[in-house]
Amino acid sequence: MKVNRKDVASAFIFLAISGFFAMYSLGTLSMGRPSQMGPGFFPVAVAAILALLALIILMKSFGSEDTSIGAWPLRGAVFILVAPLVFALMIRTAGLALTIFAISLLTAYASQRMKLTIALPLAVGLAVFCAIVFIWALGLVMPILPPALVY
């Protein structure tokens, strides 16, 4: 029988993460009812969906060809892990639009196949979308642009 070890490992990681968050949420937060959801309802629902996806991945791993796990993409990990730090450092001084633009470009280059012609429109679109959703639709109080550009 063929077993894809990479998919099996991914499935067990997903199961462990979903189990941790489900147990933590069930132990510390009240669930409520579907008509009156408590703070623990959504985390448990997301954990259940993740566990279901893990089981689907686990079932599909049997019968598929094994692929080697290979080298870990260090470039991608560094860009993805640095992005929240850049967000935290920029959001108060640069505003939401420039911060989202910067971290979109940063995370786009986690992939070696990303080109500037794709990354720039993606970053602009994401910055505009986030400004519309978070500032105008949800009414969050934060600057869109840095104060130096506004006045």
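Numbers for the structure displayed
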| quantity | calculated |
| --- | --- |
| Subset of segment 41-82 [of a type outside the set (A, V, I, L, M), under 22 Å from the mean Cα position of the chain (by Cα) and at pLDDT below 90] | W72, P73, R75, G76 |
| Scan of segment 1-59 for residues that are surrounded by fewer than 16 Cβ atoms within 10 Å (Cβ to Cβ), touching a residue at least 12 places away in the same chain (Cβ under 8 Å) and polar (S, T, N, Q), ordered by number | T28 |
| Residues that are over 16 Å from A94 (Cα atoms) and surrounded by 11 or more Cβ atoms within 10 Å (Cβ to Cβ), drawn from segment 127-138 | F129, I132, V133 |
| Among residues of segment 83-119, those that are of a type in the set (S, T, N, Q) and under 16 Å from the mean Cα position of the chain (by Cα), counted | 3 |
| Pair list, Cβ < 7 Å and 6+ apart or interchain, from segment 72-89 residues that are assigned by TED's automatic domain parsing to the domain that holds A102 to residues that are of a type in the set (V, I, T) | F79/T107; I80/T107; A83/I103; A83/T107; V86/I103; F87/T99; F87/I103 |
| Looking only at segment 107-126, and only at residues there that are in contact (Cβ under 8 Å) with a residue 24 or more places away in the chain and either hydroxyl-bearing (S, T, Y) or more than 17 Å from I91 (Cα to Cα) (or both), the one that is surrounded by the fewest Cβ atoms within 10 Å (Cβ to Cβ) | Q112 |
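Yes/no per residue for (1) touching a Cys at 6+ places or on another chain (Cβ under 9 Å); (2) β-branched (V, I, T); (3) in a helix (DSSP H, G or I); (4) within 29 Å of A131 (Cβ to Cβ):
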| residue | (1), (2), (3), (4) |
| --- | --- |
| A11 | no, no, yes, no |
| G19 | no, no, yes, no |
| I49 | no, yes, yes, no |
| I56 | no, yes, yes, no |
| K60 | no, no, yes, no |
| A88 | no, no, yes, yes |
| T93 | no, yes, yes, yes |
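The values are calculated or read from the model by the stated rules, or taken from the named source; none is laboratory data. Remember, it's a predicted structure, so these values are computed and weren't measured experimentally. Glycine gets a Cβ as well: all are built from the backbone with ideal geometry, and neighbour counts include every protein chain shown.
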